[in-house]
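The values are calculated or read from the model by the stated rules, or taken from the named source; none is laboratory data. Because the structure is a prediction, the values reported are computed rather than measured. Note: ideal-geometry Cβ built from the backbone for every residue, glycine included; neighbour counts use all protein chains shown. Side chains included, ligands, DNA and RNA excluded: accessible areas come from the protein's heavy atoms. Shrake-Rupley method; radii C 1.70, N 1.55, O 1.52, S 1.80 Å.
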Amino acid sequence: MELSGIRTGDTLPERTFAPDEVQLFLYNAAIWNPHRIHYDLPYTTGEEGHPAIVIDGPLQGDFLTQLVLEWLGDLGTLTAFTYRNLRASYVGDSLTATGRVTDIDTATGEVALELALVNGEGEVVTPGSARVSVKASLP
């Protein structure tokens, strides 16, 4: 199926994220998240048993949202978004956001997307999905 140049099976341009301690500190300050596993290494490793500072689940969801919005640009609207964190990710991990078109409703202009945030070992750490309403053709 096709809609304005979009075809089922098309992939979104991948984007890689490598969050560091400063980004995590600022992100958690902005969302008022005081959990020390996102900024205090001695606490995180000593008390919680993690190997490094933990990357927030909501930040990983935001990475997937960024992937969709950059692909979509001004040509449509994000109408639905879900994600689920399956495993922890840590500072030092390289996380790649991927997506593909899974369904197109040519009558309404709605496009369904399957999303995933994948770590350097190729494991999906955060799967997700989105729906967008397309107003015009995408590049």
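Looking across region 1-10 at every residue that is part of a strand (DSSP E or B) and hydrophobic (A, V, I, L, M, F, W, C), the one that is most open to solvent (accessible area, probe 1.4 Å) is identified as LEU3. Taking each residue of region 113-139 that is under 24 Å from ASP93 (Cα atoms) and looking for partners that are modelled with pLDDT under 95 and among the hydroxyl-bearing types (Ser, Thr, Tyr) with beta-carbon atoms closer than 6 Å, six or more apart or interchain, yields nothing. In summary, strands (runs of 3 or more DSSP E) completely within region 75-139 and bearing 1 or more residues that are open to solvent by less than 20 Å² (accessible area, probe 1.4 Å) and aliphatic (A, V, I, L, M) occur at 95-105, 110-118, 124-134. Only one of the numbered conditions (1) over 30 Å from ALA107 (Cα atoms); (2) open to solvent by 60 Å² or more (accessible area, probe 1.4 Å); (3) not hydroxyl-bearing (Ser, Thr, Tyr) is violated by PRO13, and that is (1). So, LEU24, is that one in contact with a Gly (Cβ under 7 Å, 6 or more places away or on another chain) and open to solvent by less than 70 Å² (accessible area, probe 1.4 Å) or not? No.
Looking at region 36-44, can you tell me whether even one residue there is open to solvent by 30 Å² or more (accessible area, probe 1.4 Å) and in a loop (DSSP other than H, G, I, E, B)? For region 36-44, residues open to solvent by 30 Å² or more (accessible area, probe 1.4 Å) and in a loop (DSSP other than H, G, I, E, B): present.
Taken as a whole, the structure places VAL54 among residues that are touching a His at 6+ places or on another chain (Cβ under 7 Å), among the aliphatic types (A, V, I, L, M) and open to solvent by less than 50 Å² (accessible area, probe 1.4 Å).
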